[in-house]
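The values are calculated or read from the model by the stated rules, or taken from the named source; none is laboratory data. What you see is a predicted model, and the numbers here were worked out from it, not measured in a lab. Positions of Cβ are generated from backbone atoms using ideal geometry, with glycine treated the same way; all protein chains shown enter the neighbour counts. Heads up: the accessible areas ignore ligands, DNA and RNA and are worked out on the full protein's heavy atoms, side chains in. Shrake-Rupley method; radii C 1.70, N 1.55, O 1.52, S 1.80 Å.
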Amino acid sequence: EYYQQVNGQAAALVRPQDSLRTEGEFAGSTTTAEYYKAVDGQRASLARPQDSLRSEGEFAGTSTTAEYYKAVDGQRASPVKPQDSLRHEGEFSGNTTTAEYYQQVNGQPAALARPQDSLRQSGEFQGNT
């Protein structure tokens, strides 16, 4: 009533006519052909810059790095435990909220509740499986 079945087919393809077609032979040259001509290229050679900071002769002396950073056998620092300044002196006499509200109770685990199957077949089965 609300839906009617209709066998549909794909719509026909409509292509617009092109009005920009060239007619005849092209006589002339384009700017692309003038500026960008086909050339066989070769890979450029590597140009490494010359280093002008090379020292000549042997180095005699000590550098500032060698003076400031000498090799030293290091040892592990001993751990320093800070003193606790929040210690209570004397014995505690009183009740805590934890002791009041949360008392130890020895309980037993809950019994497993298995659901009863409600999809049991009544009567005999006639047929093939």
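So that you can scan it fast, the table gives a plain yes or no per residue for (1) of a type in the set (S, T, N, Q); (2) open to solvent by 100 Å² or more (accessible area, probe 1.4 Å); (3) touching a residue at least 24 places away in the same chain (Cβ under 8 Å):
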{"site": "A71", "(1), (2), (3)": "no, yes, no"}
{"site": "K81", "(1), (2), (3)": "no, yes, no"}
{"site": "S85", "(1), (2), (3)": "yes, yes, no"}
{"site": "G90", "(1), (2), (3)": "no, no, no"}
{"site": "V105", "(1), (2), (3)": "no, yes, no"}
{"site": "P109", "(1), (2), (3)": "no, yes, no"}
{"site": "S122", "(1), (2), (3)": "yes, yes, no"}
Segment 111-120: number of residues that are of a type in the set (D, E, K, R) and open to solvent by 100 Å² or more (accessible area, probe 1.4 Å): 2
How about segment 35-61: which of its residues are open to solvent by less than 100 Å² (accessible area, probe 1.4 Å) and over 48 Å from the mean Cα position of the chain (by Cα)? G57, A60, G61
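Take G123 and decide whether it is over 48 Å from the mean Cα position of the chain (by Cα) and assigned to a loop (DSSP other than H, G, I, E, B).
It is true that G123 is over 48 Å from the mean Cα position of the chain (by Cα) and assigned to a loop (DSSP other than H, G, I, E, B).
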With respect to the numbered conditions (1) outside any helix (DSSP H, G or I); (2) surrounded by 10 or more Cβ atoms within 10 Å (Cβ to Cβ), which one is the sole condition not fulfilled by Q9? (2)
